[in-house]
Every structure is written in C-alpha cells, then in structure tokens.
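> This is the structure I want to talk about, given as structure tokens.
The values are calculated or read from the model by the stated rules, or taken from the named source; none is laboratory data. Here the structure is a predicted model, which means the values were calculated and not measured. Here Cβ is always computed from backbone atoms with ideal geometry, including for glycine, and neighbour counts include all displayed protein chains. Each accessible area value is taken on the protein alone, full model and side chains, heavy atoms only, with ligands, DNA and RNA left out. Shrake-Rupley method; radii C 1.70, N 1.55, O 1.52, S 1.80 Å.
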Amino acid sequence: MTKILPANFLSAGARAFSYVEKSSPRSSHLEFLTYGTYELSGEVGSGDLSHAGEEALLFGWKGGVQAHLGGQVYELGPYDVLYIPRGATYWLAQKSGESRVVICRAHADKSHPAYYARWADVSKDERRIRHLKGKDVFLMFDVSEPAEKLIAGFTLFQRHQRSWPPHNHTDQEEVYIFTRGRGAMEVYVDEETKSFVQSVGEGDAVTIPVLNYHPVFSQEEELDFIWCIAGNRYWVGDKNKDFISGKVDKLTT
C-alpha cells in the first residue's frame, strides 16, 4: 500500500537554498573564473549540483554545511575547503541555522580526485603556512593537489598592514573574496593610470585580470580574504622569494 505523505507549505518569502552568481567570464574581464555563493537557511538539502566542463572549489564561510560527493560526506565549517572534480555531481545540506559557502569554478579538460582540507588542520601545519610581515598566508589547495587551473587559500592580515611588495601575474587571474574585517584594495597596471581604489568589507569581492597589481590594506581590524587563482599553478611567494623578503618595490611573475 502506498504511504500517504503530508504536503509542504512554502511561503512567498521562504528561503531554503539558493545560489547567487557574483561574477563570470561573461560579466568580468576574467577568462576562466566564475565566483558565487550558496546560501542555506534552516533544515534543507539541495538538489544535485554539477558544473559541466569545470572544476570547482567550495569554501566554507559561515555556519556548517555537509557536502555530499562521490559517496562521501564532507563537513564544511568556516574556512574548510573542498575540491570538486570536473563535472562531478554533489549536493549540500544542513540541519539548521544560516550558512554560506563560496564557490569558485574554472574550465577544465580533465578530471582530478576530490580533495578536502580542514581549516583546523591547515592552520596548524607550518608546511602550509607562509608568514609575511603583518600577515599569514594559508595554502588550502596548492600545487601538491592535482587540478588543472585552480589553486587557492586564505590570507589573514593583522591590523594596519598592507601588501608588500605589489605584484602582478602574466599567467594567472584571481578573485579576492573578503570574509572578515574592513580595509581597502587597489588594482592597477601602473601608478600613473591607477583609478581602482576601493574600500572593502565582509562579503565584497574583487576580480583581478592578468598583469594588474593588486595590493590590499587592512585598517582598524584584522582583514581576512579568500584568494582563488586560475591559470598556471603556483603561489607567488614560492615562485619568487623576493615576495617574502620584501626587498623589491614591485615584482611580476
């Protein structure tokens, strides 16, 4: 006998699961990167999600979400990261509360294994941390993890600090997504034509096309941000040690 189940009422203003796309190659000057956020409210499970022809990274931001991928369940708390292989199907769920997950995607021709990085582990692993003056960089998804274009991490600025030296890339585009604090950011090709000088705060993001310098400045509070790169896979300080020493006034990789 068929079991009879109750109906659900969904009010016009009800929020359960949504995706907000913030930037894509069609709306920015980036060639590869798409950036958006998943928002979950209350007890909810999404439908199946996948990205044809793209690899993706999920970044836990607020709350706690379960990501179901390939028969495994990954807990995504704040600053945890999960790599989604090209075209793989996954879904997100939570029991209660309000949660946000950042997603960055880029075109890929090949599939690579899923990879999960817990903030609780990486934040204590000195092999994954680069200490710079007034700031720390955490390599959450680095060149040691197989992928086609993506690498990513978090940078945590102390109060009243700045990026030094300013740098740009010939073979990488980026997006910075600010997750805590307030500060400012500049993006420019050269000092004479600099016109992008922007205050930034929690939830703001900045896209960085190739060959643009992109220094960040913290103010009265600590400033955290996600950086996600698409292109040739390296972190600037591991490729050019002058970035860590700060002995030059600018550099290009």
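> What's the local net charge at Gln94, with K and R +1, D and E -1, over the other residues with C-beta under 14 Å away?
So the surrounding residues net to -1.
> What's the magnitude of the charge dipole for the stretch 110-166 around its Cα centre, counting Lys and Arg as +1 and Asp and Glu as -1 at the beta-carbon? Answer in Debye, nearest 20.
The calculated dipole for the stretch 110-166 is roughly 280 debye.
> Which value, in debye to the nearest 20, gives the size of the charge dipole of the stretch 130-253 about its Cα centre, when Lys and Arg are +1 and Asp and Glu are -1 at the Cβ?
With only Lys, Arg, Asp and Glu charged at Cβ, the dipole is about 340 debye.
> Where the accessible area of the stretch 1-113 is counted over protein heavy atoms with a 1.4 Å probe, how much of it, in %, is carbon and sulfur?
Roughly 51 percent of what the probe reaches on the stretch 1-113 is carbon or sulfur.
> At a 10 angstrom cut-off on C-beta neighbours, averaged per residue, how do the peptides 72-80, 189-197, 6-14 rank from highest to lowest?
Top to bottom by mean Cβ count within 10 Å: 72-80, 189-197, 6-14.
> Can you check what the net charge comes to around Asp80, using other residues whose Cβ is under 10 Å from the Cβ of Asp80 (Lys, Arg +1; Asp, Glu -1)?
-1
> Still on this structure: Say each of Ala52 and Gln72 gets a label point 7 Å from the Cα, pointing the same way as Cα to Cβ; how far apart are those two points in nm?
For Ala52 paired with Gln72, the spin-label model returns 2.7 nm.
> Rounded to the nearest 20 Debye, what is the dipole magnitude of the stretch 58-167 about its Cα centre when Lys and Arg each give +1 and Asp and Glu each give -1 at the C-beta?
Dipole about the Cα centre, nearest 20: 400 debye.
> Once you order the gyration tensor axes a ≥ b ≥ c over the Cα atoms, which shape class does the stretch 89-155 get: rounded for a/c under 1.5, otherwise prolate or oblate by comparing a/b with b/c?
Oblate, because a/c is 1.5 or more while a/b does not exceed b/c.
> Let me ask something additional. What length, rounded to one decimal in nm, is gained on full extension from His160 through to Asn232, with 0.36 nm per residue of separation minus their alpha-carbon distance?
Answer, rounded to one decimal: 22.8 nm.
> With the Cα gyration tensor of the chain giving a ≥ b ≥ c as the square roots of its eigenvalues, does the rule (a/c under 1.5 for rounded; else a/b larger than b/c for prolate; else oblate) give rounded, prolate or oblate?
prolate
> Place a label point 7 angstrom from the Cα of Lys133 along the Cα-to-Cβ direction, then list the residues of the stretch 204-223 whose backbone nitrogen is under 16 Å away.
Residues 215-218 qualify, since their backbone N sits under 16 Å from the label point.
> Short version: ³J(HN,Hα) in whole Hz for each residue of the stretch 236-253, in order, from phi by Karplus 6.51 cos²θ - 1.76 cosθ + 1.60 (θ = phi - 60°), x for Gly and Pro, what are they?
3, x, 7, 8, 10, 5, 5, 5, 6, 6, x, 8, 10, 8, 5, 8, 10, 10
> Here's another thing I want to ask about it. Counting just the Cα atoms, what span does the stretch 1-97 cover along each of its three principal axes? Round to the nearest Å and put the largest first.
Result for the stretch 1-97: principal-axis Cα extents of 54, 33, 28 Å.
> Counting other C-beta atoms within 10 Å, and keeping those with at most 10, which DSSP coil trypsin sites (Lys or Arg not before Pro) do you find in the stretch 1-92?
Passing both the DSSP loop test and the Cβ count: Lys3, Arg26.
> For the stretch 108-253, what is the accessible area per residue in Å² when the probe is 1.4 Å?
47
> Suppose only helical runs count, i.e. DSSP H with n ≥ 4. What mean residue ellipticity at 222 nm does that imply for the chain under -39500 (n - 2.57) per run, divided by all residues and rounded to the nearest 500 deg cm²/dmol?
The helix-only estimate for the chain comes to -500 deg cm²/dmol at 222 nm.
> Here's another thing I want to ask about it. Give, to the nearest whole percent, the P(r) tail of the stretch 118-220 beyond 21 angstrom, counting all Cα pairs.
Counting pairs separated by more than 21 Å, the tail of P(r) holds 39 percent.
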